[in-house]
Amino acid sequence: MHQPTYRQALLEAWRLVYKNTGLWLLGLLSVLFAGSFGLGNFISQIMVTMSAGEQALWIFNWQWPSLGVNSVSSVIWLVWLMGVLCVIAIMVIYISVTAKSALMVAVADFYKKQAIPKISKVWNTGLKYFWKIFAIEIIRKTVLCVVVVIFGVIWVKLPFTKNIWYLTIDILALVFTIILAWITSAVTIFASGYTIIDNKSIGASFKRAWKLFHEHLLVSLEISILLTILDLLIILLFAVLVSYAFIPAVFVWLLAGAFGSAALALFGTIFGFVLLLIFIAIFGAIYNTFYTSVWMYLFMKMHHEGVFSRIIHHVGGLFKR
């Protein structure tokens, strides 16, 4: 079987994202819960854990706080608020997981037919795989969460400034954590591919996904490393966007100071935050679509050529007979 390269994956994924801006909407919606971008970004979690590792230890010592609720009306209000938040969370998860399924279906169709079907069509197709993709996403998040917590505990318990041995252990823990994250991300997206393309069960999808990852270990690790570097660059880009997003607000603040208007100053602050959110949404949608397209290209290339090779093998065997 011809081994796909990371160059092919990156170029094909970028061509897909650049020419099919309609997919950005699915990329944006899937970011909310099931995407590779934003709060679910593993590298961001690692950086937060390194800077505030005591948060990981807090999980093991957490106790229910006193809510200070001592009236019937307060209890009713609290229950109502929790109910609203739960409904919103369910809606967000439902939309995000369905969008991720639809995005993977659309990307797979593009790599097979060089054409993107209508969004409504892939959305309806994505609905069919909601529970399977949701289960795979929960498994992915659970594994990554456990890995991050374990790393956070090690980072706090063994401060690297103490001596060279602690520093070595911390570095090894960081490297091992990132490798586990790479493996988890690759295997779960391959499992999602088998679920959507071959309609396999979750167990069978993970079994095949691990075999596919093992057979194409080198290119999978290459893509993981490159996307990790891209993750870090995106984080740095956000740091720059924070300053640029508030440049228009600065002019509004200057006008507010000149006219002594507190309302105008408040408007400038809100305008800056809205502009920042728009920047984040656009880059998040593009990056998440690109990320999914890269991995789906690898999956489709390996999956398609694997099937094609088996067909050629059997047909050739018939002629030999």
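The values are calculated or read from the model by the stated rules, or taken from the named source; none is laboratory data. On a predicted model such as this, the values are computed, not experimentally measured, just so you know. Positions of Cβ are backbone-derived with ideal geometry, glycine not excepted, and every protein chain shown enters the neighbour counts.
Data for the structure
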quantity	calculated
Filtered residues of segment 218-240 (kept if without any contact (Cβ under 8 Å) to a residue 60 or more places away in the chain and surrounded by fewer than 12 Cβ atoms within 10 Å (Cβ to Cβ))	229, 233, 236, 239, 240
Scope segment 130-159; condition under 16 Å from residue 33 (Cα atoms) and surrounded by 19 or more Cβ atoms within 10 Å (Cβ to Cβ); matching residues	132, 133, 134, 136, 137, 140, 144
Failed item, numbered, when residue 199 is tested on (1) loosely packed, with under 14 Cβ neighbours inside 10 Å; (2) part of a helix (DSSP H, G or I)	(2)
Residue count, segment 99-117 (criterion: among the polar types (S, T, N, Q), assigned to a helix (DSSP H, G or I) and free of Cβ contacts under 8 Å to residues at least 60 places away in the same chain)	0
Some residue of segment 137-148 being assigned to a loop (DSSP other than H, G, I, E, B) and in contact with a helix residue (DSSP H, G or I) (Cβ under 7 Å, 6 or more places away or on another chain)	no
Test for residue 294: is it surrounded by 14 or more Cβ atoms within 10 Å (Cβ to Cβ) and either over 16 Å from residue 13 (Cα atoms) or of a type in the set (A, V, I, L, M, F, W, C) (or both)	yes
Residue 36 being polar (S, T, N, Q), at pLDDT 50 or above and farther than 30 Å from residue 130 by Cβ	no
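Per-residue answers, yes or no, for (1) in a helix (DSSP H, G or I); (2) hydrophobic (A, V, I, L, M, F, W, C); (3) closer than 30 Å to residue 130 by Cα; (4) more than 15 Å from the chain's Cα centre (by Cα):
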{"site": "188", "(1), (2), (3), (4)": "yes, no, yes, no"}
{"site": "194", "(1), (2), (3), (4)": "yes, no, yes, yes"}
{"site": "232", "(1), (2), (3), (4)": "yes, yes, no, no"}
{"site": "266", "(1), (2), (3), (4)": "yes, yes, no, yes"}
{"site": "279", "(1), (2), (3), (4)": "yes, yes, yes, yes"}
{"site": "285", "(1), (2), (3), (4)": "yes, yes, yes, no"}
